[in-house]
Amino acid sequence: MATSVFDVRPATTRDAKAIAQLHNATVKEAFKGMLGDLDVAIMPLAERERYWSEAIQYAEPQVQVAMHGAKIIGFVGYDRSRDEGTPATMGEIWAMYVDTDFWGLG
């Protein structure tokens with residue numbers, strides 16, 4: 001299987017809407033198989049966009065986006081571990097989402 005290569009860069013607050021749209025779309029698709037015909041309750045887009053805008057602005061978590069040309073096709077939020085008692089040097093991936101068209105491509 002060939003591995004795909006995508007550009008990755010730090011997110012900017014201008015990316016918040018695209019990140020929010022991608023987040024909602026992937027959550028809906030991921031849970032569709034588990035819930036059958038039930039509609040997945042997702043956070044309203046404006047609220048999700050506000051969350052990611054603030055996360056990017058304050059770098060909590062830090063956010064990187066994967067690009068395919070000019071389109072954001074994935075993102076990851078990461079920072080220090082939130083588990084009590086872990087060393088300050090231990091990290092944690094807080095969120096990772098990829099456009100469903102790119103699932104399984106590496």
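The values are calculated or read from the model by the stated rules, or taken from the named source; none is laboratory data. Just so we're clear, the structure is a prediction, and the values are computed from it rather than from any experiment. Ideal geometry is used to build each Cβ from the backbone, glycine not excepted, and the neighbour counts take in all protein chains shown. Each accessible area value is taken on the protein alone, full model and side chains, heavy atoms only, with ligands, DNA and RNA left out. Shrake-Rupley method; radii C 1.70, N 1.55, O 1.52, S 1.80 Å.
Quick notes
- Scanning region 80-106 for residues that are open to solvent by less than 60 Å² (accessible area, probe 1.4 Å), modelled with pLDDT under 95 and of a type in the set (Asp, Glu) yields a single hit, GLU92.
- Cβ separations smaller than 8 Å between residues 6+ apart or across chains give the following pairs from region 84-106 residues that are farther than 12 Å from THR26 by Cα and without any contact (Cβ under 8 Å) to a residue 12 or more places away in the chain to residues that are part of a loop (DSSP other than H, G, I, E, B) and open to solvent by 60 Å² or more (accessible area, probe 1.4 Å): MET90/ASP83.
- Neighbours by Cβ (under 9 Å, 6+ apart or cross-chain): first from region 44-68, touching a residue at least 40 places away in the same chain (Cβ under 8 Å) and over 11 Å from ALA18 (Cβ atoms); second in a loop (DSSP other than H, G, I, E, B) and acidic (Asp, Glu): ALA66/ASP99; HIS68/ASP99
- Residues being out of contact with any helix residue (DSSP H, G or I) (no Cβ under 8 Å at 6 or more places or on another chain) and either among the hydrophobic types (A, V, I, L, M, F, W, C) or under 12 Å from ALA18 (Cβ atoms) (or both) - total across region 72-83: 1
- Within region 55-69, considering residues that are modelled with pLDDT of 95 or more and among the small types (Gly, Ala, Ser), the one least open to solvent (accessible area, probe 1.4 Å): ALA55
- From the options PHE75, PHE31, residue that is among the aromatic types (Phe, Trp, Tyr) and at pLDDT 90 or above: PHE75
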